[in-house]
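Take a look at the structure set out below.
The values are calculated or read from the model by the stated rules, or taken from the named source; none is laboratory data. Computed from a prediction, not measured in an experiment: that's the story for all the values here. Note that we place each Cβ from the backbone using ideal geometry, even for glycine, and neighbour counts take in every protein chain shown.
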Amino acid sequence: MARRVAQKYGLPATSDFDAVRLLRDKGIDPFERSNMLELVVPQAGGEHRDGGPGDAFAALPAVPGGAGSGRVQLPQTIPAGGSKLPSTELSPMERRVREISDIQRDITRRRRKKMGLLLVRLAFFVILPSILAGYYFFKVATPMYATDSQFPIIQNEGGGGPSPFGGLLPTQFANSADSIATQAYLQSKDAMLRLDEDAGFKDHFTDESIDPIQRLTADPTNEEAYKLYKKHIKIGYDPTEGVIRMEVIAADPAVATDFSERLLKYAEERVNSLSQGKRDSGMRDAEAGFETAQIQRREAQQRLIELQVENGVDPEAVIASIRAQITSYESLLMEKQLELTALLDNSRPNAARVDGTQGDVRRLEAALAQLNDRMSNASEGNNSLAQQAVSLQLAQADLINADTNLQMAQTGLEQARQQASRQVRYLTVAVRPVASEEPSYPRAFENTVLAFLIFGGIYLMLSLTASILREQVTS
């Protein structure tokens with residue numbers, strides 16, 4: 001509007017603000033409603049004529065300091081106490097800007113509130129518990145002393161073989177089953193009860209000098225003591241090295257060393273008992289078999305001797321002698337018969353010689369018949385020489401079989417002894433327990449950091465769970 005009015009008056013305005021400045025220098029208010037009407041009202045006594053910018057200046061009213069009527073054309077101030085107040089209506093752009101500013105301030109206020117609540121929750125659930133835990137570990141907790149020891153379980157590999165050194169041959173680590181069994185025993189309630197009976201485990205940890213958290217009650221049960229026992233007796237088996245590592249924790253270094261020595265003694269006894277059963281079982285069976293073989297061999301030998309005593313002679317030797325005689329007489333008889341045949345083939349045989357030869361043949365045939373009769377009687381009947389020979393042969397076979405069984409039983413006994421020698425287990429203490437001069441527990445800084453991480457993790461987990469549940473409920 002100001003540029004339009006300035007153009008009507010012929011003022012060289014270069015911008016909106018310049019048009020307002022030029023009009024106000026002329027004493028004209030460009031925003032007055034009557035300006036537009038006055039622009040078209042001709043001067044009194046004048047005629048309307050077309051012309052240039054100079055004609056428009058003719059229609060200008062009087063300006064201050066000029067020949068005008070003296071009317072004030074500048075904006076006036078609002079009188080104090082009047083009813084003309086500025087309008088409360090805002091433009092849409094201003095309203096939008098104000099609303100955005102309010103939203104930003106509300107978001108900032110909510111963020112500050114949430115941050116403050118978050119800091120309060122962290123201080124209450126994480127920082128304060130961590131400070132309390134650190135105070136306990138640094139100021140309240142009773143110093144604990146740890147005693148370390150290491151021991152492998154080895155087995156004998158000599159076995160009493162042909163080597164004159166026997167069990168002094170190199171050894172190797174025992175299998176993991178024995179080590180795991182020993183570890184399980186040392187961590188059992190049985191070992192705890194034995195340690196309490198021998199060294200007073202419960203009495204040590206019920207002492208008033210120990211802080212209440214680590215101290216047992218006045219009259220603890222076995223379950224309470226065993227729970228504390230598992231925390232203070234730490235045993236681990238390393239299968240790569242075959243070594244069992246043991247750490248014993250107590251409030252007094254001398255007591256920790258004493259507990260460790262006693263536990264090593266219990267472990268050695270357990271190792272011996274584990275291998276003793278295997279050795280006894282194998283040796284018992286082998287010895288029983290050897291004794292049975294000896295009894296059978298003795299019975300077979302006694303039966304053979306009894307048969308030999310009953311017969312008085314050796315049947316086989318008698319039968320062999322008769323057979324030899326029969327063979328010899330048959331040979332002589334054959335020669336005499338040939339000789340007799342040769343004499344009879346002569347045209348005029350010698351009667352004396354023929355008679356003598358015939359007599360020899362008869363005598364040989366009689367002797368041969370007698371031997372055959374003896375041989376027949378020796379091979380027939382229940383009590384014949386042949387039956388006696390068979391009985392002796394069976395008795396000899398039984399004796400040979402008994403000797404074989406006895407030899408096998410003796411070999412089995414030797415093998416059982418070798419196996420029993422291999423089953424021998426030895427507990428060798430590689431690292432002896434030594435009393436500690438400085439406390440090993442509690443590790444105040446590490447435990448405080450760990451407590452902080454634990455409380456932080458618990459808070460984070462609960463926060464995430466609550467957020468997920470809230471989202472599921474509101475969705």
Pair list, Cβ < 8 Å and 6+ apart or interchain, from segment 137-154 residues that are at pLDDT 90 or above to residues that are of a type in the set (Val, Ile, Thr) and assigned to a helix (DSSP H, G or I): Phe137/Thr448; Phe138/Thr448; Thr147/Thr257
Boolean, Ser260 is over 18 Å from Arg432 (Cα atoms) and among the hydroxyl-bearing types (Ser, Thr, Tyr): no
Residue check for Gln393: at pLDDT below 75 and in contact with an Asp or Glu (Cβ under 9 Å, 6 or more places away or on another chain): yes
Matching option when the condition is hydrophobic (A, V, I, L, M, F, W, C), within 33 Å of the chain's Cα centre (by Cα) and modelled with pLDDT under 90, among Phe201, Phe173: Phe173
Which numbered condition Ser421 misses (of (1) over 30 Å from Tyr145 (Cα atoms); (2) among the hydroxyl-bearing types (Ser, Thr, Tyr); (3) at pLDDT 75 or above; (4) surrounded by 13 or more Cβ atoms within 10 Å (Cβ to Cβ)): (3)
